[in-house]
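The next block holds one structure in the form of structure tokens; read it before the comments.
The values are calculated or read from the model by the stated rules, or taken from the named source; none is laboratory data. None of the values given here were measured: they were computed from a predicted structure. Cβ placement follows ideal geometry from the backbone for every residue including glycine, while neighbour counts extend to all protein chains displayed. Keep in mind that these areas ignore ligands, DNA and RNA; they rest on the heavy atoms of the full protein, side chains included. Shrake-Rupley method; radii C 1.70, N 1.55, O 1.52, S 1.80 Å.
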Amino acid sequence: MPKFNQFEKLIIHEFEDEVFPHVPHTHTYYEIIYIKKGSGIHHLNNNLLPYKTGDLFVISPEDEHYFDIKKSTRFVYIKFTDNYFDSKKNLFCDDLLLNTPEDFMRNKLLKETILKFDDPCKTILKNTIENISAYNCKTDVSSSPIVFYQILSIFGLIKETIRCMNLQMKSTHIDNEQIATYIHQNIYQPKLVQIKVIANHFNIAETYFSAYFKRTFAIGYRDYIHNLRTTLIEKRIHNNQLPIKQIAYEFGFTDESHLSNYFKKRKHMKPTDFKKT
């Protein structure tokens, strides 16, 4: 699946098409997508979200998506990198320092729900998008405080709409220490440390979790799990207090043979041979 890159902090892009120009893809940046006119289906992380004029979507890195256009659609894309908001922290209020727009855009709820803006919010959103597009024609939007606050206002409209729809939006702040603690507490139950389970537990999109974990912990998630499990098994064997069969049961293996094959694959020797070292 192709992954699109962007090096500019902020790009405003408006276009109209009868056939969406991209295949299913991911990207390294964030997108706010406004439907200026048209209709169709937005395929987002295996969710099928019907769209129409006035709808809005937020896309974070590693989200997989594309549009199936049914009626000629005019899109307005607001695309920005991590550096965009990082460079504007002097303009942040305290709330934004704790819950950044980037964290907000990763929320699973926004990948599964069509936001239903009421009439006041719908009009404000339309005018805001038009203001940003108009300003984009006159100046370097990436350095403009006016455009920055206009973009922030979009997040305010989303939050207000979520409140009016009575939707419960869990916190998107990711606590790395809590993730590590969860893994160490549940390493003995393989199902609880599956990516889809841990991502759901921390309300992180599954497609984003692996990339986030590797960037944060400097190791792939599966490698981290295998290394931790193997290290703990080694300690159990060296303590020489439990039979291999009991160790296999403790770590959720189906039987002693399953544990033996797993251990041999990673240590290039059987647990019984390792026990003698």
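Could you list, in sequence order, the residues of the stretch 57-68 that are touching a Ser or Thr at 6+ places or on another chain (Cβ under 8 Å) and either open to solvent by 10 Å² or more (accessible area, probe 1.4 Å) or more than 23 Å from K3 (Cα to Cα) (or both)? Of everything in the stretch 57-68, those that are touching a Ser or Thr at 6+ places or on another chain (Cβ under 8 Å) and either open to solvent by 10 Å² or more (accessible area, probe 1.4 Å) or more than 23 Å from K3 (Cα to Cα) (or both) turn out to be P61, E62, E64.
Would it be correct to say that Y34 is of a type in the set (F, W, Y), outside any strand (DSSP E or B) and either surrounded by 20 or more Cβ atoms within 10 Å (Cβ to Cβ) or modelled with pLDDT under 95 (or both)?
no
Does Y182 meet the test of being at pLDDT 90 or above, under 30 Å from L110 (Cβ atoms), out of contact with any Gly (no Cβ under 8 Å at 6 or more places or on another chain) and part of a helix (DSSP H, G or I)? Criteria met by Y182. Candidates I124, I132: the one that is β-branched (V, I, T), over 18 Å from the mean Cα position of the chain (by Cα) and under 17 Å from K79 (Cβ atoms) is I132. Here Y149 passes the criteria (1) within 23 Å of D63 (Cβ to Cβ); (2) in a helix (DSSP H, G or I) except the one numbered (1). Between E206, E234, the distinction of being in contact (Cβ under 8 Å) with a residue 12 or more places away in the chain, acidic (D, E) and open to solvent by 40 Å² or more (accessible area, probe 1.4 Å) belongs to E206 only. Among the residues making up the stretch 79-112, a single one is surrounded by fewer than 19 Cβ atoms within 10 Å (Cβ to Cβ) and either at pLDDT 90 or above or of a type in the set (G, A, S) (or both): S87. Regarding the stretch 156-179, can at least one residue be identified that is surrounded by fewer than 16 Cβ atoms within 10 Å (Cβ to Cβ), under 29 Å from V58 (Cβ atoms) and hydroxyl-bearing (S, T, Y)? Yes, because at least one residue in the stretch 156-179 is surrounded by fewer than 16 Cβ atoms within 10 Å (Cβ to Cβ), under 29 Å from V58 (Cβ atoms) and hydroxyl-bearing (S, T, Y). Scanning the stretch 1-22 for residues that are surrounded by 14 or more Cβ atoms within 10 Å (Cβ to Cβ) and in a loop (DSSP other than H, G, I, E, B) turns up Q6, E8, K9, F20.
Would you say Y212 is among the aromatic types (F, W, Y) and either open to solvent by 10 Å² or more (accessible area, probe 1.4 Å) or over 25 Å from E102 (Cα atoms) (or both)? Write out each step before concluding.
Numbers: among the aromatic types (F, W, Y): yes; either open to solvent by 10 Å² or more (accessible area, probe 1.4 Å) or over 25 Å from E102 (Cα atoms) (or both): yes.
When the stated conditions are applied, Y212 passes them.
Hey, among the residues in the stretch 238-248 that are closer than 12 Å to S260 by Cα and open to solvent by less than 90 Å² (accessible area, probe 1.4 Å), which one's farthest from the chain's Cα centre (by Cα)? Once the filter is applied, the top-ranked residue is I244.
Restricting attention to the stretch 113-129, which residues are farther than 17 Å from Y51 by Cβ and either at pLDDT below 90 or surrounded by fewer than 15 Cβ atoms within 10 Å (Cβ to Cβ) (or both)? Once the filter is applied, which keeps residues that are farther than 17 Å from Y51 by Cβ and either at pLDDT below 90 or surrounded by fewer than 15 Cβ atoms within 10 Å (Cβ to Cβ) (or both), the stretch 113-129 yields D118, D119, P120, T123, N127. Applying a threshold of 9 Å to beta carbon distances and a minimum spacing of six or more residues, or different chains, the list of pairs starting in the stretch 8-31 at a residue that is farther than 16 Å from I151 by Cα and touching a residue at least 12 places away in the same chain (Cβ under 8 Å) and ending at one that is among the charged types (D, E, K, R) and open to solvent by less than 60 Å² (accessible area, probe 1.4 Å) reads E8/K79; F20/D68; T26/E62; T26/D63; H27/E62; H27/D63; H27/K79; T28/E62. Scan the stretch 185-197 for residues that are part of a helix (DSSP H, G or I) and within 20 Å of F253 (Cβ to Cβ) and the total you get is 8.
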